[in-house]
Amino acid sequence: MLKRRTVLTASAATAVASALPSFAFAQSRKDAMVLGMILEPAGLDPTVAAASSIAEVTLYNIYETLTKINADGSVTPLLAESWDISPDLKTYTFRLRKGVKFQNGEPFNAQTVKFAFERAGGEKSTNKDKRTFANIGVQVIDDHTVVLLNKEIDPDFPFLLGQATAVIVEPKSVDTNVTKPVGTGPYKLDTYNKGASLVLSKWDGFRNPAQAKINKITFRFIADPAAQAAALLSGDVDVFLRPGTRIVAQFKANPQFQTILAGSRAKTILAINNARKPLDDVRVRRAILAAIDRKAIIEGAVDGLGVPIGSHYVPSAPGYVDTTGINPFDIEKAKKLLAEAGVKTPLELTMTLPPTPYARQGGEMIMAQLAKIGIVVKPQNVEWAQWLSGTYGNKNYDLSVISHVEPFDLGNYAKSDYYWGYQSKAFNTLFDKIKTTGNAAERNKLLGDAQKMLAVDAANGFLFQPQWPTIAKKNVKGLWKDLPIFANDLSALSWG
């Protein structure tokens, strides 16, 4: 196993609460719980779309993986009972759990593992980690033994197999998993009222019926921080996962609630479309970065709950180097860089902002800062599904503010078709070397080189590593204390 301020007033909260539908049954029924989320998942199959909100609902709850990532970052068996790793770190032999069935009655075995991974790496795959799975060969030894042959050396491989992109899907259900998910987990989809709520109920056919202690879990999707606070105060929501940071202070002082500030491997960035002029000029991107005061952004966007970063990497990750000094806040330097690039001001750009509070609040601050160097930015507020299709999918944007929450996602900069439009043969060569280096010290040095290269190239505006708050009623037990990945392990939840 591997280790790897604004406060909502009481009167405002009451006013918002009065407009909300009642979910008060959560207070009296201890076999049920209501969880709040900002973003609604745009589907329920994490193997076909990149949004982390899908995993927040489905991972370890509906779908399961060979391995499981725990709150402390350790990796333990799940659908696999154990595994062996060859000395060259390329061959993994997994012994699978017996007697496991999918929610449609089909058996889980080595053949389903082979199907799931070959589908994830196949030509038609839209899996976010397609490159990882395309490098894996799958050999079925018997019904309960499968060998994975990895073309690359990846010490994090067991961790990656515990992420949502690696869930084991049942062949007969894959075409409908987006709306009717079928997995081997302790919960199944009950009802889905799009735009409002989603209900999971305990699956009677799960191999360990006592594992899940709550019979019914309702997810409610509430983007507005005032409404989030109101839902908590009224008892309509028992737990709010990663709410807007501006409501945190009032709940810290409320003895009826617990507030957890979780560490993460997330990177909040100003995404820059490197493929568009004049943003394809590194001097323009460096000017944008030099105009941004990270500390001010952290205070204004997330009420101080963040740590400045200078590249697409965070202090808690192996091989981290401090790159915040490569593109420091310097207004005069920013103006000179724009002049050197031949940019005539005012330069007009657009900024596409998803509905998360950190993006909307941070976006406003960045626009004000860029205006000081002659860059006039027009905001475009969009819903999450629009951001996924237009910004991420069609690359139709100039700038955007977004948190990338995956722990090991430097490889996205080596993807020629990724939405940033970043193209660097030097980075691609360096990343290939990282993927084939087994020695930890040497690998960490290369990771440091990769961070520096992205900072020098100003591939994006690297802002901060967030601390994610969770607010819950005092007697809710089993909440994760840290977030190595975005997941909500529902079977661990209970009422104290």
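The values are calculated or read from the model by the stated rules, or taken from the named source; none is laboratory data. Fair warning: this is a prediction, and the values are worked out from it, not measured in the lab. Every residue, glycine as well, gets a Cβ built from its backbone with ideal geometry; the counts of neighbours run over all protein chains shown.
Things worth noting here:
- If you go through the stretch 321-338 and keep only what is over 33 Å from the mean Cα position of the chain (by Cα), closer than 25 Å to residue 449 by Cα and surrounded by fewer than 18 Cβ atoms within 10 Å (Cβ to Cβ), you end up with just 333.
- Residue under evaluation residue 435, criteria (1) under 19 Å from the mean Cα position of the chain (by Cα); (2) modelled with pLDDT under 95, criterion not met: (1)
- Residue 223, sole failed condition from (1) surrounded by fewer than 21 Cβ atoms within 10 Å (Cβ to Cβ); (2) over 30 Å from residue 420 (Cβ atoms); (3) small (Gly, Ala, Ser): (2)
- Residue pairs whose Cβ atoms lie under 6 Å apart, separated by 6 or more positions or on different chains, with the first residue in the stretch 223-241 and on the phi > 0 side of the Ramachandran plot and the second of a type in the set (A, V, I, L, M), are 235/24.
- Where residue 290 falls short, out of the listed (1) touching a strand residue (DSSP E or B) at 6+ places or on another chain (Cβ under 9 Å); (2) crowded, with 21+ Cβ neighbours inside 10 Å: (1)
- The residue list 204, 154, 142 contains one member that is within 20 Å of residue 104 (Cα to Cα) and acidic (Asp, Glu), which is 204.
- Qualifying position, being out of contact with any Leu (no Cβ under 9 Å at 6 or more places or on another chain) and among the aliphatic types (A, V, I, L, M), among 140, 146: 140
- Looking across the stretch 36-50 at every residue that is hydrophobic (A, V, I, L, M, F, W, C) and either modelled with pLDDT under 95 or assigned to a loop (DSSP other than H, G, I, E, B) (or both), the one that is farthest from residue 123 (Cα to Cα) is identified as 38.
- Annotation: residue 342 fulfils all but one of (1) small (Gly, Ala, Ser); (2) assigned to a loop (DSSP other than H, G, I, E, B); (3) closer than 28 Å to residue 261 by Cβ; the unmet one is (3).
- Answer from 320, 358, 313 - the residue that is under 29 Å from residue 260 (Cα atoms), part of a helix (DSSP H, G or I) and of a type in the set (Ser, Thr, Tyr): 358
- Selection status of residue 299, surrounded by fewer than 21 Cβ atoms within 10 Å (Cβ to Cβ), assigned to a strand (DSSP E or B) and out of contact with any Ser or Thr (no Cβ under 9 Å at 6 or more places or on another chain): no
- For residue 334, the stated conditions hold: it is among the small types (Gly, Ala, Ser), outside any loop (DSSP other than H, G, I, E, B), modelled with pLDDT of 95 or more and over 17 Å from residue 269 (Cα atoms).
- Output for the stretch 399-425, where each listed residue is surrounded by 18 or more Cβ atoms within 10 Å (Cβ to Cβ), over 20 Å from residue 126 (Cβ atoms) and not hydroxyl-bearing (Ser, Thr, Tyr): 399, 401, 407, 410
- Of the residues in the stretch 110-123, not one is under 30 Å from residue 393 (Cβ atoms) and part of a strand (DSSP E or B).
- Pairing each residue of the stretch 256-276 that is modelled with pLDDT under 95 with any residue that is part of a loop (DSSP other than H, G, I, E, B) and of a type outside the set (A, V, I, L, M, F, W, C), provided the two are 6+ apart or on different chains, yields C-beta distances under 6 Å for 261/467; 262/482; 263/482; 265/407.
- Qualifying residue in the stretch 222-240 (condition: assigned by TED's automatic domain parsing to the domain that holds residue 186 and in contact with a Ser or Thr (Cβ under 6 Å, 6 or more places away or on another chain)): no
- Enumeration of residues in the stretch 197-220 that are assigned to a loop (DSSP other than H, G, I, E, B) and either in contact with a strand residue (DSSP E or B) (Cβ under 7 Å, 6 or more places away or on another chain) or among the basic types (Lys, Arg) (or both): 203, 205, 207, 212, 213, 214, 215
So that you can scan it fast, the table gives a plain yes or no per residue for (1) surrounded by fewer than 16 Cβ atoms within 10 Å (Cβ to Cβ); (2) within 23 Å of the chain's Cα centre (by Cα):
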| residue | (1), (2) |
| --- | --- |
| 82 | yes, no |
| 107 | yes, no |
| 127 | no, yes |
| 137 | yes, no |
| 152 | no, no |
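- Filtering the stretch 62-77 to residues that are touching a Lys or Arg at 6+ places or on another chain (Cβ under 9 Å) and crowded, with 20+ Cβ neighbours inside 10 Å leaves 62, 69, 75.
- The residues listed here are 457, 417, 482, 409; of these, the one that is modelled with pLDDT under 95 and farther than 20 Å from residue 55 by Cα is 417.
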